[in-house]
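The values are calculated or read from the model by the stated rules, or taken from the named source; none is laboratory data. Keep in mind that what you see is a predicted model, and the values were worked out from it rather than measured. For neighbour counting, all protein chains shown are included, and Cβ atoms are generated from backbone atoms with ideal geometry for every residue, glycine included.
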Amino acid sequence: MKRTGNWGLRAAVAVVALLCVLAPRPAAAQNDGVIRGQILDVAGKPWANLGIQAISDQGTKFDAKTDEKGNYILRNLRHGIYTLNILLPGQPQPYEAKVNVPGGNDTVADLNFKDIVAKQGAQYTEAVKKQEEEKQKFESVKTHFAAGNAILEQMKQVKNDLQKAPADQRDALKQKLADLSNQAATEYEAAQKGTGEKDQNQPLFWAKLGEAYDVAGRTDDAVNAYQQAVTLKPDVPGYHNNLGNVLAKAGKIDEAKAEYMKSVQLDPASAAQAWRNFGIVLYNVGRMKDAVEPLQKASELDPKSAQTWYLLGAALVGAMDWKKESGEMKPIILPGTVEAYEKAIALDPNGAYGQQAKLGLEELQKMAPGIKTSYGMRKKKS
């Protein structure tokens, strides 16, 4: 029989000889061979959702998975000797068995890893024990990650409540948000520690940690976390977009713009959303002049977004300069301001953005009597 090398479980392959030639069971009216069987785990219980692969002596591969009862079936097999690979979780190499498949017959290949462990001695037992430890570690990682996500959702609700809360309740909500942030960070960090540094989930853990810090207003920590995610997985546009968000909040506009551009390069179809996100972040932190350019780009890429046009109009108003004329301070209306508001109204006449745009035009007319609009706003008498 074939040996499989240095992996701990390979010591068990000696028993495969007992399984190599299994008695065929006739199958009526079939023109192909079949391998079927049941896999039991080290506790003797059905091993569900276990990957199985049969490789013919010509190299053809057939894949299957066990069901909830540990049963599997591989069909459409030509007669010959097959290598049956059992893809054990947490192990770099499969457990191998040789199976003879006569044409037009079923071959039963049951494997009970409880019996296999008992026959193999200490080396194999230790390897399987390690496998079980890895399985438990994986379950622990899942638990911590799920807990972090649940706390993050609580944080979002608290932040929403904080924005609406009266002044006398804000300090308590801020403290609650800070406490939840620490709890979420603890859970995500525990998930990180449960996997290796090169584990494929590490970038996701860093990204979720960055999100938790961002919701809590811990911008510098969020920047660091997202940078870690981007370093480990530079081809995910969402990581660059989110890093751009927190860099913009930190006032690092040029760095933020570079991250948004990377996001756009990786996912051109989402370019409008990326630029809109950039503009929204800058708008929310009061950097109106900086918000104008990304919102203009977003409006060019997605001219049917009422939200973009309203925000662009509002950003242009916020970016206005003033001049002294006849002893009075008068605004210098930037080109495109009125048009942006009017497009928001046309696209969303009865919605929130359309209504806010109408209010924006009315305020604009109060500041600069006589400006022309297409919506018949009342002009202030001079």
Practice problem: From (1) out of contact with any Ser or Thr (no Cβ under 8 Å at 6 or more places or on another chain); (2) surrounded by fewer than 13 Cβ atoms within 10 Å (Cβ to Cβ); (3) modelled with pLDDT under 90, pick out the condition that doesn't hold for VAL15. | Solution: (2)
Practice problem: Would you mind telling me which numbered condition in (1) buried (at least 19 other Cβ atoms within 10 Å of the Cβ); (2) modelled with pLDDT of 90 or more; (3) touching a helix residue (DSSP H, G or I) at 6+ places or on another chain (Cβ under 9 Å) LYS45 fails? | Solution: (1)
Quiz item: Does GLY196 satisfy the condition of being buried (at least 19 other Cβ atoms within 10 Å of the Cβ), within 22 Å of the chain's Cα centre (by Cα) and of a type outside the set (Lys, Arg)?
Solution: no
Practice problem: Can you run down the residue pairs with Cβ atoms below 6 Å, 6 or more apart or on separate chains, where the first is in region 83-101 and touching a residue at least 60 places away in the same chain (Cβ under 8 Å) and within 11 Å of ALA54 (Cβ to Cβ) and the partner is surrounded by 18 or more Cβ atoms within 10 Å (Cβ to Cβ) and among the aromatic types (Phe, Trp, Tyr)? | Solution: VAL99/TYR82; VAL101/TYR82
Quiz item: So THR125 clears everything in (1) part of a helix (DSSP H, G or I); (2) modelled with pLDDT under 85; (3) under 30 Å from the mean Cα position of the chain (by Cα) except one condition, right? Which one?
Solution: (3)
Self-check item: One residue from ALA150, ALA167 being at pLDDT 80 or above, under 27 Å from the mean Cα position of the chain (by Cα) and over 30 Å from GLN58 (Cα atoms)
Solution: ALA150
Exercise. For region 118-141, indicate whether the set of residues that are surrounded by 17 or more Cβ atoms within 10 Å (Cβ to Cβ), touching a Phe, Trp or Tyr at 6+ places or on another chain (Cβ under 8 Å) and under 30 Å from ILE39 (Cα atoms) is non-empty.
Key: yes
Practice problem: Would you mind stating whether LEU312 is over 24 Å from LYS358 (Cβ atoms) and out of contact with any Cys (no Cβ under 6 Å at 6 or more places or on another chain)? | Solution: no
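Yes or no: LYS252 surrounded by fewer than 20 Cβ atoms within 10 Å (Cβ to Cβ) and modelled with pLDDT under 90?
no
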Practice problem: Among the residues of region 219-232, write down those that are surrounded by fewer than 23 Cβ atoms within 10 Å (Cβ to Cβ) and of a type in the set (Ser, Thr, Tyr). | Solution: THR219, THR231
Exercise. Considering only region 199-218, state which residues are surrounded by fewer than 18 Cβ atoms within 10 Å (Cβ to Cβ) and either among the β-branched types (Val, Ile, Thr) or part of a helix (DSSP H, G or I) (or both).
Key: none
Quiz prompt | Pairs, first within 14 Å of LEU312 (Cβ to Cβ) in region 337-363, second assigned to a helix (DSSP H, G or I) and among the acidic types (Asp, Glu), C-beta under 8 Å, six or more apart | solution = ALA357/GLU342; LEU361/GLU342
Exercise. For residues that are under 30 Å from GLY196 (Cβ atoms), crowded, with 16+ Cβ neighbours inside 10 Å and modelled with pLDDT under 90, tally how many sit in region 57-94.
Key: 3
